[in-house]
Structure formats: structure tokens, C-alpha cells
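Q: Here you go, one structure.
The values are calculated or read from the model by the stated rules, or taken from the named source; none is laboratory data. This one's a predicted model, so the numbers in the text were calculated from it and none came from an experiment. Cβ: placed from backbone, ideal geometry, glycine included. Neighbour counts: every protein chain shown.
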Amino acid sequence: MCAEPHQSDSSADQIGLRAIYEGRVQGVGFRYRTSQLAQRYPITGFVKNLADGTVELVAQAREQTVLDRFFDDMMLTFATNVTDVSIQGIPADPGRQEFTIEY
């Protein structure tokens, strides 16, 4: 029996998601409110305005259910602002220790 290498206390076990939000998402407090919402969850990542008028959100957590609840809350919070969102899985960033607003 061959065991796979295990890195303890690292972000290797984390799940990463990247979302792009379209709609009225810039100039309405989207990043600030996203950051406030993220503080309620054991997640790390960032939120950032993009030049094309969309907002990028990267979130990572150890459990998919945490990310599911966070993204559900995002949709409830911004239901009137968001016209479309695309979400894809990405590799987690082991160096990210908190959730931040990026500029």
C-alpha cells in the first residue's frame, strides 16, 4: 500500500473558486460588502474590480459547503445588481491567509 504525501497545516487541502460578476457591480459598494460578508466565513481570497466593468472574486476554503454557503449569500446580497456570474474551480493559493480587497 502506498500512501500519498500529506502536507499538514497547508492550503493544499483547500478548494478554490473564481467568479466573475457582471451587471451593476462597480461603484455600488460591491467589493466592500463582499469583504464584510467574507469575514463571516472561514475563507481566504480577494475581490477586485476589472477594467471591463466586471468584478472578480476568488475564494478558497477547506470545505466545499463553506464556499457554497458563501456564494449563496453573495447571490442573495447582490441579487438586484448581478445580471450574470460565471464560476470556475481554480487551484488554491497556499500563500493567501486572509480575504482582501484588491485594487
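Q: As an exercise: evaluate I20 against (1) outside any helix (DSSP H, G or I); (2) surrounded by fewer than 18 Cβ atoms within 10 Å (Cβ to Cβ); (3) without any contact (Cβ under 8 Å) to a residue 60 or more places away in the chain and give the number of the one condition it does not meet.
A: With respect to (1) outside any helix (DSSP H, G or I); (2) surrounded by fewer than 18 Cβ atoms within 10 Å (Cβ to Cβ); (3) without any contact (Cβ under 8 Å) to a residue 60 or more places away in the chain, I20 is out only on (3).
Q: Could you list, in sequence order, all residues of the range 78-97 that are under 11 Å from the mean Cα position of the chain (by Cα) and under 21 Å from Q39 (Cβ atoms)?
A: I87, A92
Q: Let me ask something else about it. Regarding F71, is this residue aromatic (F, W, Y), at pLDDT 95 or above, surrounded by fewer than 19 Cβ atoms within 10 Å (Cβ to Cβ) and not in a loop (DSSP other than H, G, I, E, B)? Even if it seems obvious, please write down each step before you answer.
A: Details: aromatic (F, W, Y): yes; at pLDDT 95 or above: yes; surrounded by fewer than 19 Cβ atoms within 10 Å (Cβ to Cβ): yes; not in a loop (DSSP other than H, G, I, E, B): yes.
Taking the combined requirement at face value, the residue satisfies it.
Q: While we're here: Would you confirm whether or not the range 45-56 contains a residue that is surrounded by fewer than 16 Cβ atoms within 10 Å (Cβ to Cβ) and polar (S, T, N, Q)?
A: For the range 45-56, residues surrounded by fewer than 16 Cβ atoms within 10 Å (Cβ to Cβ) and polar (S, T, N, Q): absent.
Q: With respect to D73, is the statement that it is over 13 Å from the mean Cα position of the chain (by Cα), among the charged types (D, E, K, R) and more than 20 Å from D13 (Cβ to Cβ) true?
A: Details: over 13 Å from the mean Cα position of the chain (by Cα): no; among the charged types (D, E, K, R): yes; more than 20 Å from D13 (Cβ to Cβ): yes.
Considered against the rule, which asks whether it is over 13 Å from the mean Cα position of the chain (by Cα), among the charged types (D, E, K, R) and more than 20 Å from D13 (Cβ to Cβ), D73 comes out as no.
Q: Taking the condition of being aliphatic (A, V, I, L, M) and more than 13 Å from E102 (Cβ to Cβ), how many residues in the range 39-50 meet it?
A: Restricting attention to the range 39-50, the residues satisfying the condition of being aliphatic (A, V, I, L, M) are 43, 47, 50.
Imposing the further condition that a residue be more than 13 Å from E102 (Cβ to Cβ) reduces the set to 43.
Number of matching residues: 1.
Q: Related question: May I ask you to verify whether I87 is within 10 Å of A19 (Cα to Cα) and touching a strand residue (DSSP E or B) at 6+ places or on another chain (Cβ under 8 Å)?
A: Working: within 10 Å of A19 (Cα to Cα): yes; touching a strand residue (DSSP E or B) at 6+ places or on another chain (Cβ under 8 Å): yes.
Answer is yes for this residue.
Q: Quick check, is G95 more than 17 Å from Y21 (Cα to Cα) and outside any helix (DSSP H, G or I)? Explain how you work it out, then say what you get.
A: Values: more than 17 Å from Y21 (Cα to Cα): yes; outside any helix (DSSP H, G or I): yes.
Answer is yes for this residue.
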